[in-house]
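Visitor: Take a look at this one; I'll ask things after.
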Amino acid sequence: MIGVVHIHKTAGTTLAGVFKRSFGGRHCDVIPTEPGVEVLTPEGLRELRRWYPRLRSILGHAVRAYSGLEQEEPDLHYVTFLREPIVRTASHYQYDVQRGGIDLPFEEWITHDAVRDRQTRIIAGPTGTADHAIALMPRFSFVGRADRFDESLVMMQRAVGLPDIHYASKWVAPSDDIKKRLLADPNAVEMIAAVNRHDLDVWEHFTTEVYPKQVAEYGPGLSDDVADFKGANAGMTRFRMYASPHYLAYVAKWRLLYRPWVRRVSGHPKAG
């Protein structure tokens, strides 16, 4: 089984489409059901299998490499994608304004604890540090770069055995003006860096140690394989992606069976 640790604004929504198209009704975007528990636990995974007995992949913010899911699924291969922390945070604020209903000036938004070291804390837990996150990196079968998405997909396909990696971008910002404005403002960049010290250390380790090692392990031919994939994927549209039998099977099972069950047992009528 593949466990996708979804970190906000690291191309995770598009990545989810890849897994839905690959595994259909054997993939699940996970919604926590246990009161007060924001991560998927071994017990939660066991319950999930009631609806997905042939489960091949799970994805979500609740999927964490530190939560002991191997107790329920020993053959679990974690993957995740990381993004340069300054750019990721600026993109996160832009998304919150454009889609999240957030009406806060950046100077206030950036002070919220939920913004701090987001990638480190998703990887290593709420109190996690860069050292903790780096120590957990070997648990991941593959870690991709959001800024080298196609290359990362090609390597991930070989690393974890994905049947199909073709995709169409799921959500594109209507405008990048907010992000560009923040990245062009030295004061804003300094504020972002101040609350992402651990993320910046993780990114440095990842880009200088982990990712180059993955590229080397792939071996010769990566550039050619990426070029071939880009050419083959050029004709993929959202309609073609959504209309694929596997994607339709995922949607039917998730919306008609899994999500209603989550809403019933969690007591949250709008969960998911």
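Here, each number is a calculation from the coordinates, and none is a lab measurement. Predicted model only: the values in this text are computed from it and were never measured. No Cβ is skipped: glycine too gets one built from the backbone with ideal geometry, and neighbour counts run over all protein chains shown.
Visitor: What is the antiparallel percent of DSSP beta bridges lying wholly in the chain, to the nearest 5?
Guide: Here the antiparallel bridges make up roughly 0 percent for the chain.
Visitor: Hey, another quick one. Could you order peptides 187-196, 68-77 by the average number of other Cβ atoms within 10 Å of their residues, highest first?
Guide: Details: 187-196: 16.3, 68-77: 14.8.
Ranking the peptides 187-196, 68-77 by packing returns 187-196, 68-77.
Visitor: Next question, about the same structure. Which order do Lys213, Lys9 fall in if you start with the one that has the fewest other Cβ atoms within 10 Å?
Guide: So the ranking, lowest neighbour count to highest, is Lys213, Lys9.
Visitor: Would you mind working out the magnitude of the charge dipole of the chain relative to its Cα centre, with +1 at each Lys and Arg C-beta and -1 at each Asp and Glu C-beta, to the nearest 20 Debye?
Guide: Numbers: 35 positive and 33 negative charges, 288 e Å.
Value, rounded to 20: 1380 debye.
Visitor: OK, next. Specify whether the C-alpha gyration tensor of segment 98-152 places it in the rounded, prolate or oblate class, a ≥ b ≥ c being the square roots of the eigenvalues: rounded for a/c under 1.5, otherwise prolate if a/b is larger than b/c and oblate if not.
Guide: Judged from the Cα gyration tensor, segment 98-152 comes out oblate (a/c at least 1.5, b/c at or above a/b).
Visitor: Could you sort 126-137, 51-62, 259-270 so that the peptide with the highest average Cβ count within 10 Å comes first and the rest follow in order?
Guide: 51-62, 126-137, 259-270
Visitor: In sequence order, what are the phi-derived ³J(HN,Hα) couplings for segment 14-22 according to the Karplus relation 6.51 cos²θ - 1.76 cosθ + 1.60 with θ = phi - 60°, rounded to whole Hz, with x for glycine and proline?
Guide: Couplings: 5, 4, 4, x, 4, 6, 5, 6, 6 Hz.
Visitor: Could you grab the relative contact order for segment 2-266? Cα pairs under 8 Å, six or more apart, rounded to a whole percent.
Guide: 29 percent.
Visitor: Over what distance in Å are the Cα centres of segment 115-143 and segment 212-272 separated?
Guide: Using only Cα atoms, the two centres lie 23 Å from each other.
Visitor: How long are the semi-axes of the equivalent ellipsoid of the chain, defined as square roots of 5 times the Cα gyration tensor eigenvalues? Whole Å, largest first.
Guide: Square roots of five times the eigenvalues give 27, 24, 20 Å.
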